[in-house]
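Engineer: Take a look at the following structure, please.
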Amino acid sequence: MTNPFLSLIYEPAFETLGDDYSDPVLAAEFPQHTLRFRNDRLLPTLGLDPALVSDADFIQAFGKFSGRVPLLAMGYHGYQFGEYNPALGDGRGFLYGQVRGVDGELYDFGTKGSGPTPYSRGGDGRLTLKGGVREVLAAEMLAVLGVRTSRCLSLIETGEGLWRGDEPSPTRSSVMVRMQRSHIRFGTFERLHYLKRPDLTRLLLDHTIDTYYPHLATDRDRDARFYAELVQRVAELAAQWMSVGFCHAVLNTDNMSITGESFDYGPYALIDRYDPQFTAAYFDYAGRYCYANQPAICYENLARLQIPLSAVISGAELTAGLERFEAHYLATYRQRMMHRLGFDTLNATQAEELLKLTIQFLQSTQIGYHDFFLALRQQFAASWRTDIDKIFVESISPKAIALESSFKLWRQAYHTALNSCPEAEMASVAKRLSHHNPNIVILRPEIEAIWEPITVENNWEPFYALLQQIWGSVV
């Protein structure tokens, strides 16, 4: 039978830009191909029936990389921890191909761990198996949490021993295929500015708008409107991260997508408790990419993007677009947090007060960030609207939080918010709480707990069980 992945209609969208943007490469040959994860949830978007796609099909397409040419390593630069680095590019991956989904959107298949490229800078071009497992879990958890994110299509163990400074070595190897709207990065444009090629910037911007912002294609102000919409998308993405307690940890400009998607999950973490200074990367000594800094870093990266875009968009238009960042961010963050609290249409003043008191309560008591929202989901009752003393009558912390002044202030504000809604709205409040607050959030201990049996016994059942819990964690 024909491999369904090889029968898809691949569109040479990025390829048609020419060899100024990428280099053709060959995939590494691996001694072993063991499929550890296949994302059947993505296949219908590609028009594929999971029942008709075999594990061997995944391995042939995304482990042995049979039947696809050219494979393109994309060129880009980037600001890394605030310092410009021109020695970047796809050093352990390539663009496998681009496919139009049944939803009409164009999707990239991009690899990670597929071998060295001209951009590898002496690296081996490989991905550790643990790194692949962590990225699968991050993407699926964020998708469930309503974050605009890339997804992992497959993860294949490749049978090599890798030496890494941040894992006990030798450690197991893997190759992953990521599916997302685009792998064009802020750094893709920054590279063209470094090369002093405004002509290539113009071509790439036209491609970006025509391919990923087609609703702007015929607008005479399309360039300025593109940047303004990108600002909005990135502001909304930052608000999504903050509302779910996610710390990306490496928000360099080469990790910022031109379509406003979250991707490339390395030392990420979900916060345990509300700590604005929480930093997920052990090497981020100054806390540049700490949890609280994420919106400001996104703003800074958008400002840096103005440097290459200024070759084709006026400074006034770029400035006007960026000025809306804070408004977009605050509106999205407030709305998402209200949803997590069960509300949809509170007036702005009431929502701001409730949000402020919620954050104060979480920070002062240091109860679990996710535990709080889960307890709200589990304990909420319509009677809370009529009797304030019933709100969290069951403790949500070993502490006697009823004695905490911050809890009393929060409880009064929550009670007032409930009473601003009709009584019939209480069922909708309960539904929102169930939909926006998952009954499991993977913190680092959960990841380590599933990794140990993989390492010691090659037992993958806890990993698959955790994925099932993630997928079933909201209703």
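Engineer: Per DSSP H run of at least 4 residues, take -39500 (n - 2.57); add these up for the chain, divide by its residues and hand me the 222 nm value, nearest 500 deg cm²/dmol.
Structural biologist: The helix contribution divided over the chain gives -13000 deg cm²/dmol.
Engineer: Take 15, 157 and order them by how many other Cβ atoms sit within 10 Å, fewest up front.
Structural biologist: 15, 157
Engineer: Next question, about the same structure. Compare the peptides 272-283, 210-221 by average per-residue count of other Cβ atoms within 10 angstrom and give them in order, highest first.
Structural biologist: 272-283, 210-221
Engineer: Moving on to the next point. Would you work out if the range 15-183 is rounded, prolate or oblate? Take a ≥ b ≥ c from the square roots of the eigenvalues of the alpha-carbon gyration tensor; rounded if a/c is under 1.5, else prolate when a/b is larger than b/c, oblate otherwise.
Structural biologist: Rounded shape, in that the Cα axes give a/c under 1.5.
Engineer: Would you list 223, 55 from fewest to most Cβ contacts within 10 Å?
Structural biologist: Ascending Cβ contact count within 10 Å gives the list 55, 223.
Engineer: Separate question: For the range 308-327 and the range 129-177, compute the distance between their C-alpha centroids and round to whole Å.
Structural biologist: Cα centroid of the range 308-327 versus Cα centroid of the range 129-177: 36 Å apart.
Engineer: If we count other beta carbons within 10 Å of each Cβ, what is the order of 372, 5, fewest first?
Structural biologist: Ordered by Cβ neighbours within 10 Å, fewest first: 372, 5.
Engineer: Another question, if that's okay. Around residue 202, what is the net charge, scoring Lys/Arg as +1 and Asp/Glu as -1 over all other residues with Cβ under 14 Å from its Cβ?
Structural biologist: Result for the neighbourhood of residue 202: -2.
Engineer: Let me ask something else about it. Cross-chain or 8 or more residues apart, Cα under 18 Å: how many lysine pairs in the chain fit that? Count them up, please.
Structural biologist: Lysine pairs satisfying the spacing and distance rule in the chain number 6.
Engineer: Where the centre of each part is set by its Cα atoms, how far does the range 221-275 sit from the range 42-84, in angstrom?
Structural biologist: Going from one Cα centre to the other spans 22 Å.
Engineer: Let me know the whole percent of all Cα-Cα pairs from the chain that are separated by more than 30 Å.
Structural biologist: For the chain, the fraction of Cα-Cα distances above 30 Å is 49 percent.
Engineer: Only Cα pairs under 8 Å and at least 6 apart count here; give the relative contact order of the chain as a rounded whole percent.
Structural biologist: In percent, rounded to a whole number, it is 13.
No lab work stands behind these numbers, since they all come straight from the coordinates. These figures come from a predicted structure and were not determined experimentally. Here Cβ is always computed from backbone atoms with ideal geometry, including for glycine, and neighbour counts include all displayed protein chains.
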